[in-house]
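A.B. asks: Please read through the structure below; I'll follow up with questions.
Rule-based calculations on the coordinates, nothing more; no lab input. Remember, it's a predicted structure, so these values are computed and weren't measured experimentally. Note: ideal-geometry Cβ built from the backbone for every residue, glycine included; neighbour counts use all protein chains shown.
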């Protein structure tokens, strides 16, 4: 240690800490799936949207002409969890009610995919944008591709979103979101649902 200078040690430590911080974000970044933008027949907005980030993203996709239909999910009561609450927000942002379809029985990601299948068939949907929170995208897209065979699934995370992968481990909320999503993803994979 005689030849090592304190500045060199400090610099090496700073580089190591910066590298650890960057790599520590990777588990959260892996959850986020973003496909190249493309027009689609419909946007599927998944419930569990208390801040309506998903709903506003789906509404913007329709209003910008990227999709012809907005399909809303949710069979749970309450704001952000019921398709009816998502519908009210979408209409408030300017989405014409006749361009909205809903399923109101699901209570899970897989349940949403199963419940929308008849709507997709009836409406002739061939390409579907799946809109959910960034941390939920991988599980949602894997599940959609498993359940909705024959339909092209395109991942479209809610944007802007309150959640970011950077520094996820620094807050209890961030740790709960990421670790919880990994647990759910593992469960879906083990059940053969994703």
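A.B. asks: Name every residue in the stretch 136-163 that is touching a residue at least 24 places away in the same chain (Cβ under 8 Å), in a loop (DSSP other than H, G, I, E, B), farther than 19 Å from residue 189 by Cβ and more than 8 Å from the chain's Cα centre (by Cα), in order of residue number.
C.D. replies: Of the residues in the stretch 136-163, the ones touching a residue at least 24 places away in the same chain (Cβ under 8 Å) are 136-144, 146-148, 151-163.
Keeping just the survivors that are in a loop (DSSP other than H, G, I, E, B) gives 148, 151, 156-163.
Now narrow it down to the ones that are farther than 19 Å from residue 189 by Cβ: 151, 156-163.
If the condition is that a residue be touching a residue at least 24 places away in the same chain (Cβ under 8 Å), in a loop (DSSP other than H, G, I, E, B), farther than 19 Å from residue 189 by Cβ and more than 8 Å from the chain's Cα centre (by Cα), then 151, 159, 160, 161, 162, 163 are the ones that fit.
A.B. asks: If you don't mind, there's one more thing I want to ask. If residue 109 satisfies all but one of (1) closer than 12 Å to residue 148 by Cα; (2) touching a residue at least 40 places away in the same chain (Cβ under 8 Å), what's the number of the condition it fails?
C.D. replies: Here residue 109 clears every test but (1).
A.B. asks: Then there is this: Got at least one residue in the stretch 76-94 being closer than 22 Å to residue 37 by Cα, within 15 Å of the chain's Cα centre (by Cα) and touching a residue at least 24 places away in the same chain (Cβ under 8 Å)?
C.D. replies: No: the stretch 76-94 contains no residue that is closer than 22 Å to residue 37 by Cα, within 15 Å of the chain's Cα centre (by Cα) and touching a residue at least 24 places away in the same chain (Cβ under 8 Å).
A.B. asks: Identify all residues within the stretch 156-177 that are surrounded by 21 or more Cβ atoms within 10 Å (Cβ to Cβ) and either closer than 25 Å to residue 192 by Cβ or touching a strand residue (DSSP E or B) at 6+ places or on another chain (Cβ under 8 Å) (or both); write none if there are none.
C.D. replies: 156, 157, 158, listed by residue number.
A.B. asks: Helices (runs of 4 or more DSSP H) wholly in the stretch 17-135 with at least 2 residues that are in contact with a helix residue (DSSP H, G or I) (Cβ under 8 Å, 6 or more places away or on another chain) and surrounded by fewer than 18 Cβ atoms within 10 Å (Cβ to Cβ) - which ones?
C.D. replies: Details: elements: 26-31, 53-63, 83-92, 109-123.
Counting at least 2 such residues, we get 26-31, 109-123.
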